[in-house]
1. Please sort 28-36, 440-448, 114-122 by packing, taking for each peptide the average over its residues of neighbouring beta carbons within 10 angstrom, highest first.
2. For Asp319, Asp144, which order do you get if you count the other beta carbons within 10 Å of each Cβ and list the fewest first?
3. What FRET efficiency comes out for the pair Leu268/Asn311, r = Cβ-Cβ distance, R0 = 30 Å, nearest 0.05?
4. Loop-only trypsin sites (Lys or Arg not before Pro) in the stretch 188-268, please: DSSP not H, G, I, E or B, and at most 15 other Cβ atoms within 10 Å.
5. Need the full-extension length gain, Tyr236 to Asp158, defined as separation in residues times 0.36 nm minus the C-alpha distance. One decimal, nm.
6. For His97, what charge total do you get from the other residues with a beta carbon under 10 Å from its beta carbon, if Lys and Arg give +1 and Asp and Glu give -1?
7. Could you tell me the center-to-center distance, by alpha carbons, between the stretch 336-358 and the stretch 140-214 in angstrom?
8. Give me Thr303, Thr71 sorted ascending by neighbouring Cβ count inside 10 Å, so fewest comes first.
Amino acid sequence: MGLIPAAPVHEFRPEGSGEGKHILILGAGLAGMAAGYELTKLGYNCTILEARDRVGGRCWSVRKGAVNEETGQGQHKAAFDEGLYFNAGPSRIPHHHGLTLHYCKELGVPIQVYNNVNENAYYFSEGKGPLSNRRIRVREVHNDMRGWMAELLAKGLDGGKVEMAMSREDTLKVIEYLRAEGGLDIDKLYKASARRGYIESPGPGDREGRLGDPLALAAMLQSGLLDPDFYNVAEYTYELQGTLFQAVGGMDRIAAAFQQRLGRLIHLNAEVSSIRNSDDGVKVVYRDGAGDKSLLADLCICTIPLPVLSNIDHNFSSDVSRAIDSVVYMNTGKIGLQFKRRFWEEDDGIYGGITHTNNQLTQLFYPSNDYLSGKGILIGYYNFNDKAVATGNLSYRQREELALDKGSQIHPQYRQEFETSFAVSWHKTKYSLGGWALYSPEERQSLYKPMLQPDRQVYFAGEHMTYLNAWMAGALESARSVVAALHSRVTGQRFSYPALGS
Ligand SMILES: Cc1cc2nc3c(=O)[nH]c(=O)nc-3n(C[C@H](O)[C@H](O)[C@H](O)COP(=O)(O)OP(=O)(O)OC[C@H]3O[C@@H](n4cnc5c(N)ncnc54)[C@H](O)[C@@H]3O)c2cc1C
């Protein structure tokens, strides 16, 4: 009967009408479109100005013919085969991002499970220690590390070398747990088990399977496999714990579904160049194919990423202006590599998941869709910070060469099977200029807080207006939050989102 809101989404049921009010929304990314979608339901007259020739902003799946423009690099056009794509921006939806899943359901975007953790993918430590330049299955490192650590602690506890404020009875229970956790034998020693896989798999007749020797702890340490490059991010990070999802056919299907609902309210190729508050509204100047134009509206929601907004004329307060100019965004980049054959599946048995390396590539993402089909695109690097800056400073051709050169050390099939690539450096990409907003705890107070209030007629929304940075959920939650604030102001209600206590 629609009486019970679907958990775990926060309740959102504004009442009253916004009829007669014109709201200008800047940016047709997920935040702008979700705001427009909800405001339209409430009767507002919305106009959405979008600088690009497509919607979605960072929610972008690169397909044949897609074009990107980076500062200093010019345009870059994707030459992938029809039907193939890779997610240059978001690729994962955590199961607890209820609002993202809510919109997928409401807008009819089918989702599928995304395989983020794959014990059969590789760790590859380039140029470091005894295990240097060897691809090692994730399961070998995980289980050997777990085994050695459990053995160390169990022996220490048993021999009284590790002091813990526990009774002998409890200590014995911990040792028993460590034996199970690490796969230790009766003497609390770690020996290889099937957990770390086989060098000859079990089969028919007398083929019982053969285990390899564990990797020595010292070798793993010296090769940097305990360094931050190889941390167990996927398993431990709250946002990356299973179950994860993705939109079937590309994450941009979410953006496309919003666009379908909003239709002519979205003006593409409309680049905003000035935002000016006045006593009775807001005036926005933008440029489209026909030249400079201006629009007046009662209120405005600005979702333009801050590094881009920083170069736009405005008359915001000094606190807001300082925030816009100061918030730092993540440097990050990806490259999609199209191959004739899905050799990572056919030859290596890798179906989805991530290979980690300490070199400039950082990570290789294997697609979690269309398994065992013909061709495929894998993400040849997904890097951050200095590595992303260095990669982004290369030409598109050099980035491809880097991905092929370093990637073929892990997958020798690369050169033979490679067809075409497309690289995106988000910090250099026009209309984005960064991956996502980064705030220190101090900046949450000094920079973030002033933007949470509207600057007269202008509200700020987008992933940067939440604690869900780097997530679509941030864009969507911020849109609802701003719609609630704006609607309260127009209708004189006291309506907060999320509702207190929810
Ligand atoms: C590499 C990468 C990986 C990510 N991975 C994930 C993931 O796995 N899961 C997940 O949930 N999220 C992920 N995200 C985060 C997610 O993509 C973003 O949080 C979300 O898409 C941001 O939406 P937004 O509407 O706030 O901003 P944007 O998408 O940036 O939208 C802003 C819009 O404003 C437009 N604009 C800019 N300048 C102007 C102008 N002058 N005039 C008019 N319009 C303008 C832009 O073109 C854009 O369309 C990832 C992001 C990146 C970059």
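Where a number appears in this text, it was derived from the coordinates with a stated rule and is not lab data. Just so it is clear, the model here is predicted, and its values are computed rather than measured. Note that each Cβ is placed from the backbone with ideal geometry, even for glycine, and that neighbours are counted across all protein chains shown.
1. Details: 28-36: 29.1, 440-448: 13.4, 114-122: 20.9.
Ranked from most to least packed, the peptides come out as 28-36, 114-122, 440-448.
2. Arranged by neighbour count, lowest to highest, Asp319, Asp144 become Asp319, Asp144.
3. Efficiency, rounded to the nearest 0.05: 0.90.
4. Passing sites in the stretch 188-268 are Lys191, Arg207.
5. That works out to 25.3 nm of additional length.
6. Net charge around His97: -1.
7. If you average the Cα positions of each part, the centres end up 30 Å apart.
8. Listing Thr303, Thr71 from fewest to most nearby Cβ atoms yields Thr71, Thr303.
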